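I have placed the structure first, in the form of structure tokens, so that the comments after it can refer back to it.
The values are calculated or read from the model by the stated rules, or taken from the named source; none is laboratory data. As the structure is a computational prediction, the values presented were derived from the model and not from experiment. Every residue, glycine among them, receives a Cβ derived from its backbone with ideal geometry; neighbour counts consider all protein chains shown.
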């Protein structure tokens, strides 16, 4: 199959009126001219963008799909495949499902130990079956969860974890360094009274944490098994030094600009949320992704809690003056490099899997039309023509 008359976005340039040849699911050739005799199965892109499929290294969407409301839990056999349809419709062709291993009796069912371990097993099992996109797992391990260490070790050894991050959500540091903002979030989202919120904060603050030696041991085990390690919500240079000592290669959501700059200088991949970049601010009043991107200290955008944000955030950066290949490297090639799958996916280059998006623009509206994974069309948006006086034209 060929895709021609396309504006092809490679990691380094835009090829106007270019052509891609796909063979055996891979990009065979990239040419700067249309074919002489297009075949019946070839695609005329009509001057639209041809972009690499999006690589999302941190998405919480599976949690909401499984437990959309408290006490409303849906079977993984439904949630996994229904979520997949939503993700492919957002242009995400490789997803790292992020699951938070909070504690044995976490308030959210989806973050309890037994639930998380079973869901990771299920995702791995489903990832070998019929699918629209590529599925990976990202275990977010809360360091106050002192009982799950043996299970985490076994999952690493059994190859069930594709990315590991250490989290610390105790109040007074990291994401919740501002106690008043944290209290308001608890009151707004969990509908607690001020007294209940203060009590919850105090209980959380007093939780025991894993011994640093155990964290170091887990980090070493991850390294031995080729599992990329990420820190989370780095808020001080001291914390950054600690995560570097673990051989972490990714800094997720640094809280302070000074820390983001230091992480970048020390060779870590710096990840910020695409919702933050799209909205222009952090929902918890931390570092603005827009500011950090403008200062050149961000390598990767992830969808975090809102999958739709990834494609639109990249186009927003382009519309604000960033070269489009640079903007899309942040949602395709750079994340693929960070999680060490860039030899297979993440960019439009010969020899890589043909994970591709055909995208048009209508004024400032970004319109995803076609999604191709491994050389196969897996999603096609056939928009109706404009409606006039209630009648299809």
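For region 353-372, a residue qualifies if it is crowded, with 19+ Cβ neighbours inside 10 Å and part of a loop (DSSP other than H, G, I, E, B), and the qualifying residues are 354, 355. Please go through region 289-321 and give me each residue that is part of a loop (DSSP other than H, G, I, E, B) and in contact with a strand residue (DSSP E or B) (Cβ under 9 Å, 6 or more places away or on another chain), ordered by number. Across region 289-321, the qualifying residues are 297, 298, 299, 303, 305, 306, 307. Scanning region 126-139 for residues that are over 15 Å from residue 82 (Cα atoms) and at pLDDT 95 or above, which turns out surrounded by the fewest Cβ atoms within 10 Å (Cβ to Cβ)? That would be 136. Residue count for region 261-272, restricted to those that are touching a strand residue (DSSP E or B) at 6+ places or on another chain (Cβ under 7 Å) and assigned to a loop (DSSP other than H, G, I, E, B): 1. If only residues of region 32-70 that are in contact (Cβ under 8 Å) with a residue 12 or more places away in the chain, over 30 Å from residue 340 (Cα atoms) and assigned by TED's automatic domain parsing to the domain that holds residue 165 are counted, the one that is surrounded by the fewest Cβ atoms within 10 Å (Cβ to Cβ) is 70. For region 52-68, the criterion of being at pLDDT 90 or above, part of a loop (DSSP other than H, G, I, E, B), under 16 Å from the mean Cα position of the chain (by Cα) and over 16 Å from residue 377 (Cβ atoms) is met by at least one residue.
Among what's in region 91-122 and is surrounded by fewer than 22 Cβ atoms within 10 Å (Cβ to Cβ) and in a loop (DSSP other than H, G, I, E, B), pick the residue that is nearest to the chain's Cα centre (by Cα). Only one residue fits best here, namely 108.
Residue under question is residue 375, and the condition is that it be buried (at least 17 other Cβ atoms within 10 Å of the Cβ) and out of contact with any helix residue (DSSP H, G or I) (no Cβ under 6 Å at 6 or more places or on another chain); does it hold? Criteria met by residue 375. Being surrounded by fewer than 24 Cβ atoms within 10 Å (Cβ to Cβ) and either closer than 20 Å to residue 211 by Cα or in contact with a strand residue (DSSP E or B) (Cβ under 8 Å, 6 or more places away or on another chain) (or both) holds for only one residue in 275, 254, and it is 275. Look through region 1-48, keep the residues that are touching a helix residue (DSSP H, G or I) at 6+ places or on another chain (Cβ under 8 Å) and in a loop (DSSP other than H, G, I, E, B), and return whichever of them is nearest to residue 357 (Cα to Cα). Selected residue: 10.
Do we have residue 355 as closer than 16 Å to residue 253 by Cα and within 17 Å of the chain's Cα centre (by Cα) here? Walk me through how you get there before you give the answer.
On the way: closer than 16 Å to residue 253 by Cα: no; within 17 Å of the chain's Cα centre (by Cα): yes.
The answer is no for residue 355.
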